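In what follows, a structure is listed as structure tokens, so that the remarks can point back to it.
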Amino acid sequence: MTDDTHQPQSHRWTSAVIDGLDALLAALDAGETIRAESPHHQAMHAASQEALRLTAEINGTFHDPEEVVELMSALTGRQVPDSFRMFPPLTTDFGRNIRFGERVFLNSGCRFQDQGGIDIGDDALIGHNAVITTLNHDLDPARRADMHPAPVRIGRGVWLGANVTILPDVTIGDGAVIGAGSVVTKDVPPNTVAVGVPARHIRDITP
């Protein structure tokens with residue numbers, strides 16, 4: 001009789017089917033307002049519960065790099081490149097609107113609010129405790145629960161320092177560097193360094 005007590009176990013994680021998700025993603029990518037208590041809002045809540053489940057798995061125990069790729073593919077609902085690497089923990093309250101290029105690295109403590117869409121290009125380095133946001137609540141107190149999505153796009157070879165916060169509707173150009181602790185409120189040109197609150201251009205990068 002074979003003792004398989006210490007044999008490696010195969011874990012498989014898959015994306016849950018969420019009613020209304022495709023319509024919600026189309027609305028988010030079109031920049032449509034998500035009204036409180038609407039069917040889109042209900043689908044968003046269901047996706048958030050699934051994201052909580054999968055990030056609890058990611059953060060709750062050790063997984064080798066291949067398992068992390070599998071879990072992140074389930075979280076995002078699309079195949080994450082095998083070259084993706086991450087040091088948990090990771091927090092995201094949606095998960096289904098994140099896209100990673102090749103050889104992306106996330107350091108520990110990243111927090112993604114990705115409903116409006118987060119695109120991270122090849123070879124990007126995302127530092128400790130980076131916060132990327134893609135939603136704003138309505139300014140009208142009577143409609144404060146309504147949400148306005150806008151994407152964040154991070155180009156190839158971008159480096160975000162520790163504790164960087166990126167606000168909705170920001171594009172960071174290829175090769176740019178964002179200094180630690182900065183708050184990015186507007187687009188950053190390629191091959192530049194931006195630092196501060198709000199982040200401002202301080203120098204160009206000459207390859």
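The values are calculated or read from the model by the stated rules, or taken from the named source; none is laboratory data. Keep in mind that what you see is a predicted model, and the values were worked out from it rather than measured. Just so you know, the surface numbers come from the protein's heavy atoms only, side chains and all, with ligands and any DNA or RNA stripped out. Shrake-Rupley method; radii C 1.70, N 1.55, O 1.52, S 1.80 Å.
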Inset, instruction - With a probe of 1.4 Å, find how much accessible area the chain has per residue, and write the answer as a whole number in Å². - result: 52 Å²
Inset, instruction - Can you pull a Stokes-Einstein diffusion coefficient for the range 84-179 at 10 °C (1.306 mPa s), Rh from Kirkwood over Cα pairs, as a whole number of µm²/s? - result: 119 µm²/s
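Could you check how much of the accessible area of the range 27-155 is carbon and sulfur, as a whole percent, using a 1.4 Å probe?
Details: 2990 of 5700 Å².
Ligands and nucleic acids excluded, carbon and sulfur reach 52 percent.
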Inset, instruction - Only helical DSSP H runs with n ≥ 4 go in: add -39500 (n - 2.57) per run for the chain, normalise by residue count and round the 222 nm mean residue ellipticity to 500 deg cm²/dmol. - result: -6500 deg cm²/dmol
Inset, instruction - Starting from one equal scatterer on each C-alpha and no solvent at all, send me the Debye-based log10 I(q)/I(0) for the range 1-123 at q = 0.14, 0.22 Å⁻¹, two decimals. - result: -0.62, -1.30
Legend entry - Linear extension gain, residue 35 paired with residue 144, 0.36 nm per residue minus alpha-carbon span: 38.3 nm
Legend entry - Sequence-distant residues sharing a close amide H with residue 95 (under 5 Å, placed H): 114
Legend entry - Selected from 76, 92, 61 as most flexible by GNM, with the chain as the system and alpha-carbon contacts under 10 Å: 61
Legend entry - For residue 45, solvent-accessible area (1.4 Å; no DNA, RNA or ligand), Å²: 110 Å²
Inset, instruction - Please build a GNM for the chain, connecting alpha carbons under 10 Å apart, and tell me which residue among 60, 157, 95 fluctuates the most. - result: 60
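Could you work out the per residue convex hull volume over the alpha carbons of the range 116-160, in cubic angstrom? Don't skip to the answer; put the middle values down first.
Numbers: hull volume 3.0 nm³, N = 45.
Roughly 66 Å³ of hull volume per residue.
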Inset, instruction - Would you mind pulling out the separation of the Cα centroids of the range 167-183 and the range 57-97, in Å? - result: 23 Å
